[in-house]
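Input: a single structure, listed below in structure tokens.
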Amino acid sequence: MTENILLSHHVRGRAVPGVAAFTQHNPAAPVDLRIEGPEADAALVAEAVAAAREAISESEAGGIEARADALARIGRRLTGDVERLARLIARETGKTIGDSKGEVLRAARIFDFFAGETLRNVGERFASTRRGATVEVDFVPAGVVAAITPWNFPIAIPAWKIAPALAFGNAVVWKPSETSSATAAALMAIIAEGGLPVGSVNMLLGAGEAGTLLAHAADIDAITFTGSVATGERVRFAAAKRAVRTQLEMGGVNGLIVLADANLDIAVDCAINGAFLAAGQRCTATSRFIVDHSVSDRFLETLLSRVAALTIGDPCDPATAVGPLATPRQKKLISQQVASVEASGVKAVCGGSAVEMAHCFYPPTVFDNVPRTSELGHQEIFGPVAGMFRVDGFDDAIEVLNSNRFGLSAGICTSSLLHAEEFKRRARAGMQMINLPTAGVDYHAPFGGVAASSLGPREQGRAARSFYTNIKTSYQQPL
Ligand code: NAD
């Protein structure tokens, strides 16, 4: 029997229902789950922003210890609820149950980390060049933060925006993806019970329309966005008009270099993990295998045998390695992108458009002998699809790696310390991985890309403070 979930917005501590405007089904089994939610309008956006504005002074009055306690409480609640939340993520987005559990626990740790950061928002005090005077530097709240999030990390990404925003004294108006709104509502409910001032976090549901209204809303001080490059550009233009600060984390076409001196077992592990786990739906996923000629045949042979052994199926089954894509729309888009690569004459050595799969499932697909000008190297395909570029030595590999406009994550498999060091220096990417998959990062380290992948200060870890605070510099001369 189908489970039906009808969602509401959450503004000023209350549920705000509305007419159903979007629908999401379990992408592995549509009859299992049907989720519906409303689309926020301009009046509700304005109310949410006003509620957030009022919450900021209450949060300041409540003090840092109350805030730290609330964040720690939310973290504990997430940990305690891991099974229920992970199952919801798996059924709503198709992420495997193991990955979903990992993501919930990661979100819990993020809240815990920022509970500590609340108490460590330390300023500076130093002597002025004017004799006897002092200079103080304080990090004060940026204000009302609009957070717009995607579906592929439906709890972790909201956590790594909401937790630092709250830690540094801001309030949030959050617009989660229409593809993961039930998970968002579950997180919202836990945050709402955390003991923060009413209105500290407001959640507006909806798709692009609600996102557009929020990005254009008057009286927001900052926008943190994660999603596609195309949407990120729209958000950037909206914010630039009113000089609102932005933090944009967008797509990537990430490359993994495999040198002649690589341990090939490790290289294939990295390739499988990076390209196919989470059905390739990670911004840091590997979509280009950049492999030295001398080992490329052996690499491909091992890779294909490992791909053939991947269990594709129900994301709620712990034995499943690869679940479905998140929506029929994503499946249609990826099918079109793969068909276009095939039509250009590049050959799929596994998967491809000839393989038909039920519902939102898509086969792991590998292209071989990809020309350097192929669209495969230049356009994000947000699914289990990767291409092998055969190269001639380290310099050639770096040239191919840096040949598109993106720069999120880059990897290399090598046993040479010299090449590892050179790679860190020459790879154009915000995150470098050596003998590790391009996907998979720590929550206490800065996260973000360069070039077309990202704009604005880094997320996560101690680096998060720079986006969520304003710096105040005070000069004082004793009388
Ligand atoms: P998307 O751009 O379609 O949507 C992201 C969010 O923006 C959603 O909440 C959506 O409703 C909203 N939105 C849509 N149109 C809008 C508009 N005109 N104005 C304001 N908001 C709008 O992205 P998606 O499909 O949800 O997520 C997948 C993309 O996210 C991929 O490109 C992936 O690489 C990227 N991503 C990047 C990172 C990163 O940190 N770099 C992490 C995860 C995902």
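Take the Cβ-Cβ distance between A308 and S466 as r, set R0 to 41 Å, and report the resulting FRET efficiency rounded to the nearest 0.05. List each step's numbers first, then the result.
On the way: r = 46 Å, r/R0 = 1.12.
Result of the calculation: an efficiency of 0.35.
Charges at C-beta only: +1 for Lys and Arg, -1 for Asp and Glu. How large is the resulting dipole of region 136-238 about its Cα centre, in Debye rounded to 20?
Numbers: 4 positive and 8 negative charges, 55 e Å.
Its charge dipole is roughly 260 debye.
Answer with one residue from T320, G387, L376: the one whose Cα lies farthest towards the positive end of the charge dipole of region 254-434, charges on Cβ with Lys, Arg +1 and Asp, Glu -1.
So the residue we want is L376.
Using only alpha carbon pairs under 8 Å that are at least six residues apart, calculate the relative contact order of region 377-453 and give it in whole percent. Don't skip to the answer; put the middle values down first.
Working: 85 pairs, mean separation 25.0, N = 77.
After rounding, I find 32 percent.
Quick check: pseudo-label points 7 Å beyond the Cα along Cα→Cβ at E3 and S415, how many nm apart are they?
Placing both labels 7 Å beyond Cα along the Cβ direction yields 5.0 nm.
So, with +1 on the Cβ of K and R and -1 on the Cβ of D and E, and no other charges, what is the size of the charge dipole of the chain about its Cα centre, to the nearest 20 debye? Write down the numbers at each step before the final one.
Details: 45 positive and 49 negative charges, 211 e Å.
Here the size comes out at about 1020 debye.
Grab the beta carbon distance between E54 and Y475, set R0 = 35 Å, and tell me the FRET efficiency rounded to 0.05.
Details: r = 32 Å, r/R0 = 0.91.
Given R0 = 35 Å and the Cβ-Cβ separation, E is 0.65.
Pick out, in residue order, every one of the trypsin sites (Lys or Arg not before Pro) in region 84-148 that is DSSP loop and has at most 16 other C-beta atoms within 10 Å; say none if there are none.
Numbers: sites: R84, R87, R91, K95, K101, R106, R109, R120, R125, R130, R131; in loops: K95, R120, R130, R131.
For trypsin sites (Lys or Arg not before Pro) across region 84-148 that sit outside H, G, I, E and B with at most 16 neighbouring Cβ atoms in 10 Å, the list reads R120, R130, R131.
Run the quick spin-label model on N435 and E209: label points 7 Å from Cα toward the beta carbon, then report their separation in nm to one decimal.
A separation of 5.4 nm, rounded to one decimal place.
What does the charge dipole of region 254-434 about its Cα centre add up to, to the nearest 20 debye, if the Cβ of each Lys and Arg holds +1 and the Cβ of each Asp and Glu holds -1?
Values: 15 positive and 19 negative charges, 122 e Å.
Around 580 debye, computed over region 254-434.
To the nearest 0.05, what FRET efficiency results for N402 and K241 with a Förster distance of 30 Å applied to their C-beta separation? Please report the intermediate quantities before stating the final value.
Working: r = 33 Å, r/R0 = 1.09.
Calculated transfer efficiency: 0.40.
Quick one: of the DSSP bridges fully inside the chain, what percent are antiparallel, nearest 5? Please list the in-between numbers first.
On the way: 27 of 70 bridges.
Here the antiparallel bridges make up roughly 40 percent for the chain.
For labels at V122 and D395 in the simple 7 Å Cα→Cβ model, what's the distance in nm?
4.7 nm
Defining a contact as two alpha carbons under 8 Å apart and six or more residues distant in sequence, what relative contact order in percent does the chain show? Mind showing how you got there, number by number?
Values: 1111 pairs, mean separation 86.8, N = 479.
Result for the chain is 18 percent.
Quick one: work out the % antiparallel among DSSP beta bridges in region 254-434, nearest 5. Present the calculation step by step, with values, prior to reporting the outcome.
On the way: 3 of 25 bridges.
If we restrict to bridges inside region 254-434, about 10 percent are antiparallel.
What are the trypsin sites (Lys or Arg not before Pro) within region 305-392 that DSSP puts in a loop, where the Cβ has at most 15 other Cβ atoms within 10 Å?
Working: sites: R306, R329, K331, K332, K347, R372, R390; in loops: R372.
Filter output for region 305-392: R372.
Restricting to lysines 8 or more places apart or on different chains, can you count the pairs in the chain with Cα atoms under 29 Å from each other?
Value for the chain: 20.
Which one of T469, V338, S177 is farthest out on the positive end of the charge dipole of the chain, using unit charges on Cβ (Lys, Arg +1; Asp, Glu -1) and the Cα centre as origin?
Of the options given, the answer is T469.
Between region 324-383 and region 184-205, how many Å separate their Cα centres?
38 Å
Quick check: Cα centre of region 295-316 to Cα centre of region 454-477, how many Å?
Their Cα centres are 44 Å away from one another.
Dipole of the chain (Lys/Arg Cβ +1, Asp/Glu Cβ -1, origin at the Cα centre): which of P38, I412, P141 lies farthest to the positive side?
The Cα lying farthest towards the positive end belongs to P141.
Restricting attention to region 335-421, which chymotrypsin sites (Phe, Trp or Tyr not before Pro) occupy a DSSP loop and are surrounded by at most 10 other Cβ atoms within 10 Å? Can you show the working numbers first?
Details: sites: F361, F367, F382, F389, F394, F406; in loops: F361, F382, F406.
Answer by residue number: there is no such site.
Where does the chain land at 222 nm, in deg cm²/dmol rounded to the nearest 500, when only DSSP H runs of n ≥ 4 count, each adding -39500 (n - 2.57), divided by all residues?
Values: 14 runs with 187 residues, N = 479.
It lands at -12500 deg cm²/dmol.
Just for region 330-479, what percent of DSSP beta bridges are antiparallel, to the closest 5? Let's see the in-between values first.
Working: 4 of 11 bridges.
Once the DSSP bridges in region 330-479 are tallied, antiparallel ones form about 35 percent.
Read-outs: derived from the displayed coordinates by stated rules, not from any lab. Keep in mind that this is a model prediction, so the values were computed, not measured. Neighbour counts run over all protein chains shown; Cβ positions are idealised from the backbone, glycine included.
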